[in-house]
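K.L.:
I am attaching a structure below and will ask some questions about it afterwards.
The values are calculated or read from the model by the stated rules, or taken from the named source; none is laboratory data. Worth saying up front: this structure is predicted, and the values here are computed from it rather than measured. Glycine gets a Cβ as well: all are built from the backbone with ideal geometry, and neighbour counts include every protein chain shown.
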Amino acid sequence: MPETNPVQRWRKPLLILEFSALAVLLISMGWFSSRTDTGEPLNPAWLLIPAAASLAVFISFIGLMYLRWVVAAAAERRVRHKIVFSLLVITLLGVWAFGIANTWMSLSSA
């Protein structure tokens with residue numbers, strides 16, 4: 001069945017990205033956990049893997065939310081939805097950046 005809205009073609013790639021990035025995030029967390037059990041120090045550059053994976057999860061989640069919330073809104077309410085959605089995106093990405101910055105700062109002070 002063909003999709004009625006051409007924007008909806010992004011749904012499947014975003015879902016694939018989200019779950020692939022989530023798998024990478026969980027695998028990296030498991031790997032880090034096994035590395036700390038051995039007592040070997042971990043090179044901070046390895047933290048780029050979960051940082052990039054978590055960003056990909058956030059971006060795909062935001063993309064899917066945009067499709068579900070803003071694109072599906074009625075034309076007369078779309079501007080309001082875009083404003084609220086933009087504030088939500090700024091908040092989510094700000095929280096992500098704050099978490100990443102705190103992680104890197106805690107590594108440099110340790």
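K.L.:
Residues 104, 96: which one is part of a helix (DSSP H, G or I), more than 12 Å from the chain's Cα centre (by Cα) and either of a type outside the set (Gly, Ala, Ser) or surrounded by 15 or more Cβ atoms within 10 Å (Cβ to Cβ) (or both)?
P.N.:
On the way: 96 fails: more than 12 Å from the chain's Cα centre (by Cα).
None of the other options fit; the residue is 104.
K.L.:
Select, from 69, 46, 10, the only residue that is touching a residue at least 12 places away in the same chain (Cβ under 8 Å) and loosely packed, with under 14 Cβ neighbours inside 10 Å. Full working, then the answer.
P.N.:
Values: 69 fails: loosely packed, with under 14 Cβ neighbours inside 10 Å; 10 fails: loosely packed, with under 14 Cβ neighbours inside 10 Å.
Just a single option satisfies the conditions, and that option is 46.
Per-residue answers, yes or no, for (1) assigned to a loop (DSSP other than H, G, I, E, B); (2) touching a His at 6+ places or on another chain (Cβ under 8 Å); (3) among the small types (Gly, Ala, Ser); (4) surrounded by 15 or more Cβ atoms within 10 Å (Cβ to Cβ):
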position	(1), (2), (3), (4)
53	no, no, yes, yes
73	yes, yes, yes, yes
77	no, no, no, no
108	no, no, yes, no
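K.L.:
Of everything in region 30-43, what is at negative phi and surrounded by fewer than 12 Cβ atoms within 10 Å (Cβ to Cβ)? Give them in sequence order. Break it down into steps so the answer makes sense when it comes.
P.N.:
Step one: of region 30-43, the residues at negative phi are 30-38, 40-43.
Scanning region 30-43 gives 30, 33, 34, 36, 37, 38, 40, 41, 43.
K.L.:
Continuing with this model, one more query. Only one of (1) among the polar types (S, T, N, Q); (2) modelled with pLDDT of 95 or more; (3) in contact with a Pro (Cβ under 6 Å, 6 or more places away or on another chain) is not met by residue 28, so which one is it?
P.N.:
(2)
K.L.:
Now, a different point. Can we say residue 76 is modelled with pLDDT of 95 or more, over 26 Å from residue 108 (Cβ atoms), among the charged types (D, E, K, R) and out of contact with any strand residue (DSSP E or B) (no Cβ under 9 Å at 6 or more places or on another chain)? It would help to see each step written out before you state the result.
P.N.:
Details: modelled with pLDDT of 95 or more: no; over 26 Å from residue 108 (Cβ atoms): yes; among the charged types (D, E, K, R): yes; out of contact with any strand residue (DSSP E or B) (no Cβ under 9 Å at 6 or more places or on another chain): yes.
No: the conditions fail for residue 76.
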